[in-house]
Every structure is written in structure tokens, then in C-alpha cells.
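As C-alpha cells, the structure follows; a few thoughts come after it.
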């Protein structure tokens, strides 16, 4: 089933049942725009005097009941132990997860409290007035560090998948076309290198796997960050979430032409994140040496996701997508740090590449 088909079914058949299941009578329910190839329908539910809610309807068959329970149980655990996350809302039956079947299709329903504040993008990438932006970087690290510290103590009932369940030679060979044989070879080599990393309890556990400013809100009165969208959460290296933060930090200085200034900024930015992170949990200097490798893993995830979304939508990958071509080039030529300190990078056309 495709996104637009499900949206129509949702409005006529699913939402009325969800309203009853979660006591949402009297709430104004509005869709949040999705994208072609998306795996969820999302709605915001608002009512005067009540905490706003987010309804998520999952419709693809790539995850089962156990997968969703693993996600929601983890979120509830984080919330109950002081993690700054959007809590899962129980249904009237006391369940973290509900299922609705319509025309032999099963839909998995989760409801969450809406995070206080708003995304940084919604605030025009302006931080709190009169407060240095370094507070934001520090709080990003601190919030993530708290989640990771809790993960180190987490004993799941339903276990989520691991990094290598998705990123393995078999999946890469099926997903990436033979026309991109160099990319396929590099991805498999990268997976081999990652497999050689330590997976002890201090370095490897449940992670968000998409920790970025699109998946948390900021309370601009206090600076508190509240994290949501654990849809991709899995067992992986804690450093992966930090590497993802690194890749998103380049946006602050992507138009700077001086490479030394870009390097200085990124060093200061990431050091501040690590300082905040270490205020909640430990990460060794030895582990941080693997940051370039984990940044390559983030690029791999970005590329694989593009191919998977195209597959879900029944589309062919567009190889005139200059951003995708840029990521592919970085991996094929093993260019570190997303090419940000390399000749491939252009501050006039950030992260774009033409064949």
C-alpha cells in the first residue's frame, strides 16, 4: 500500500477508531505532512487545556508487533528514568500499542505526548535570545548522553533489531544495483570494518539512530530538548548518534570558504557536544578516534535510505540528485568527514556533486 491510499483509509476508517481507543473526543486532529515512500501517517491532536498528542499510524509490513513493542517499551523506560523524551500514551485498554485491521491490512497505532517547544528550523534557526549558541550544542550532547547512560542499564523485554540486521552484505547486494559496483564494494568493506569494532556494553546498545534537530523540540524558555521519533531505534554504537550530530553540525558553517575556519568551528562544536555528553555518561578518547568511521556509517545509512524509499514508492533512483551523488562519491573514494575538508566540497554548492 502507498502513502496516499493509506491516508484516505485513515480518514474514513482508522481515525474514528483511534479517537475511541485513546479518548481523543473533542481534539482537533490535523495531518502532519509526510513524504512519498514514508512508512507512517502522523497527526497532531490538540484540545484546549490538554497536552497535545501525536498519533502515528504505521502501515508497511517491514515491522511486526514485537518491533513496535520494543520501540514503545524503550521510550517508556527512558521517560520513567529521567530521559527527556516524548512519552508514549496508553490506550483506554492500558496498551502502549494498538492494532486495527481493515480489509485484511493491519495498522499499528502509537500515540505520544507532543514535545514542548518547537524545532530549531521552525524558529528560523535562531536560538534563545541573549543566550550563546554553545548552550544548545552542550544541551544536545547532554540530552543524548543521558539517553545513552540509560541504555547502558536497559534490559529489554522485546528486543529491537541491531545495526547488522539491516547493514549486511546480503541486503546491500540486493538493494544497490550492479551499475554501482564500486559503491557496493565500498559499502561491504565499510560493514566489515564496523564489524571489527567493540560491541561491549559501554560502546554498544540501544540508540536513537536519527538524532538530529528534525527529531527533537527545544523549549526556548529554558533550552530543554525533548527527543521523539524513535522509529529507527536499534542496537548500535553510541558513537553513531554522536557522528550523526557531527554531520548535522556542518550546516552552521557550510558557506564558509576558508577550510581552516570550517575545521576550527567543527572542532569547537563537537568538543562542546562531547563536554555535554560526558556530563551524563562516559565515552573514552580511544572510542572517539573512531568518529571518522562512524561518520562514514551515517553516510551509508543516508544512501541506503534513499534506495529503500525509492523501492517502497516503486520508483527508480534519480541519478541527477546531486546530494545523493555527493554522498556516493565520498564513500566510493573513502573521503572522510563527509568531504567537508576536501577538494570535493564547494561552499557555493554545499554537498552537491555533478558527474
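The values are calculated or read from the model by the stated rules, or taken from the named source; none is laboratory data. Note that the coordinates shown come from a computational prediction; the quantities given were computed from them, not determined experimentally. Virtual Cβ from ideal backbone geometry, glycine too; neighbours counted across all protein chains shown.
Could you tell me whether the range 189-202 includes any residue that is at pLDDT below 95 and not in a helix (DSSP H, G or I)? If you could, list the steps in order and put the result at the bottom.
Initial filter on the range 189-202 (at pLDDT below 95): none.
No, every residue in the range 189-202 fails to be at pLDDT below 95 and not in a helix (DSSP H, G or I).
Only one of (1) surrounded by 19 or more Cβ atoms within 10 Å (Cβ to Cβ); (2) over 26 Å from residue 219 (Cα atoms) fails for residue 8. Which number is that?
Every condition holds for residue 8 apart from (1).
Return the pair list, or none, for Cβ contacts closer than 7 Å from residues in the range 90-102 that are under 12 Å from residue 65 (Cβ atoms) to residues that are in a loop (DSSP other than H, G, I, E, B), at least 6 apart or on different chains.
From the range 90-102, the pairs are 96/90; 98/91.
Starting from the range 338-355, keep only residues that are at positive phi and surrounded by 13 or more Cβ atoms within 10 Å (Cβ to Cβ), then list their pairs with residues that are part of a loop (DSSP other than H, G, I, E, B) and at pLDDT 95 or above whose Cβ atoms are within a distance under 8 Å, requiring at least 6 positions of separation or different chains.
Qualifying pairs under 8 Å: 338/351; 339/345; 339/351; 351/254; 351/345.
Which residues, counting only those in the range 217-250, are more than 21 Å from residue 201 (Cβ to Cβ), within 14 Å of the chain's Cα centre (by Cα) and assigned to a strand (DSSP E or B)?
Residues satisfying the conditions are 217, 226, 227.
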